[in-house]
Amino acid sequence: HIREFDLKEIKSKLKIPLNLEIAATNEMLKIALKSRPNFVCIVPEKRQELTTEGGLNLKYNRSLLKKIIKSLKKNKSRVSLFIEPSLKDIRDSKYLEVDCVEIHTGKFCNLVNQNKNFKKELNKIKKAVELGNRIGLEVHAGHGLTYKSAKILSKVKGIKEFNIGHFLIGDSIFVGLANSIKKFKKIIK
């Protein structure tokens, strides 16, 4: 949740690839095309949300979504969709010709954090990852990840990238950013 000015400042100083998360709107497309990030993940956005609460609805305004994806890819950005761990969403993502998907792990992480049975949700994630890999999509996972949930998901073969933000930054207040990153790197290897 940054302003366009922040994006410009970050881009001017960044020495590593930029990953920009955007809503599927013409306004956000314009900003992404102008800033030319290396990676773009299209996420659902509701103005009242503080954080994303689920995967994209791939049925809603599909023509706009296709236009956004095509424009971003033409602009040389790798494009991913933030989706639920559903086989239908994996197939729909392939149809939309994205490079990769990011599986929404929020429900799984909540179950892990509450010490509840997460096996059914983990199985959904495994099946989605397996199908994604089989049909040629790079598969990422993210949302709500902690050390404990990342450790469990790191055992799922085929997840190429973990997107860990909120917990990592929060933990870094206590242990330092470098230490928090090192711990996550150790867990997911």
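The values are calculated or read from the model by the stated rules, or taken from the named source; none is laboratory data. Nothing here was measured: the structure is a model prediction, and the numbers come from that model. Here Cβ is always computed from backbone atoms with ideal geometry, including for glycine, and neighbour counts include all displayed protein chains. Just so you know, the surface numbers come from the protein's heavy atoms only, side chains and all, with ligands and any DNA or RNA stripped out. Shrake-Rupley method; radii C 1.70, N 1.55, O 1.52, S 1.80 Å.
The table below lists the values:
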{"read-out": "Flag for residue 102 being open to solvent by 70 Å² or more (accessible area, probe 1.4 Å) and touching a strand residue (DSSP E or B) at 6+ places or on another chain (Cβ under 9 Å)", "value": "no"}
{"read-out": "Residue list for the range 110-128, filter: in a helix (DSSP H, G or I) and either in contact (Cβ under 8 Å) with a residue 40 or more places away in the chain or not basic (Lys, Arg) (or both)", "value": "110, 111, 112, 113, 121, 122, 123, 125, 127, 128"}
{"read-out": "Selection from the range 153-189 of residues that are assigned to a helix (DSSP H, G or I) and among the basic types (Lys, Arg)", "value": "182, 183, 185, 186"}
{"read-out": "In the range 53-105, the residues that are at pLDDT below 95, under 12 Å from residue 43 (Cβ atoms) and of a type outside the set (A, V, I, L, M, F, W, C)", "value": "53, 54, 55, 57"}
{"read-out": "Meets criteria (without any contact (Cβ under 8 Å) to a residue 60 or more places away in the chain, out of contact with any Lys or Arg (no Cβ under 7 Å at 6 or more places or on another chain) and closer than 15 Å to residue 85 by Cβ) for residue 152", "value": "yes"}
{"read-out": "The one condition in (1) touching a strand residue (DSSP E or B) at 6+ places or on another chain (Cβ under 9 Å); (2) open to solvent by less than 20 Å² (accessible area, probe 1.4 Å) that residue 149 fails to fulfil", "value": "(1)"}
{"read-out": "Residue selected from the range 155-171 under the condition open to solvent by 50 Å² or more (accessible area, probe 1.4 Å) and more than 16 Å from residue 78 (Cβ to Cβ), by the criterion modelled with the lowest pLDDT", "value": "166"}
{"read-out": "Residue that is modelled with the highest pLDDT [pool: residues in the range 129-148 that are in a loop (DSSP other than H, G, I, E, B) and in contact with a Cys (Cβ under 8 Å, 6 or more places away or on another chain)]", "value": "137"}
{"read-out": "Residue check for residue 34: open to solvent by 70 Å² or more (accessible area, probe 1.4 Å), in contact with a helix residue (DSSP H, G or I) (Cβ under 8 Å, 6 or more places away or on another chain) and part of a helix (DSSP H, G or I)", "value": "no"}
{"read-out": "Hey, residue 118 aromatic (Phe, Trp, Tyr) and in contact with a His (Cβ under 9 Å, 6 or more places away or on another chain) or not", "value": "no"}
{"read-out": "Flag for residue 65 being in contact with a Leu (Cβ under 8 Å, 6 or more places away or on another chain) and part of a helix (DSSP H, G or I)", "value": "yes"}
{"read-out": "For residue 107: the one exception among (1) in contact with an Asp or Glu (Cβ under 6 Å, 6 or more places away or on another chain); (2) touching a residue at least 24 places away in the same chain (Cβ under 8 Å)", "value": "(2)"}
{"read-out": "Filter pass, residue 152 being on the phi < 0 side of the Ramachandran plot and at pLDDT 95 or above", "value": "yes"}
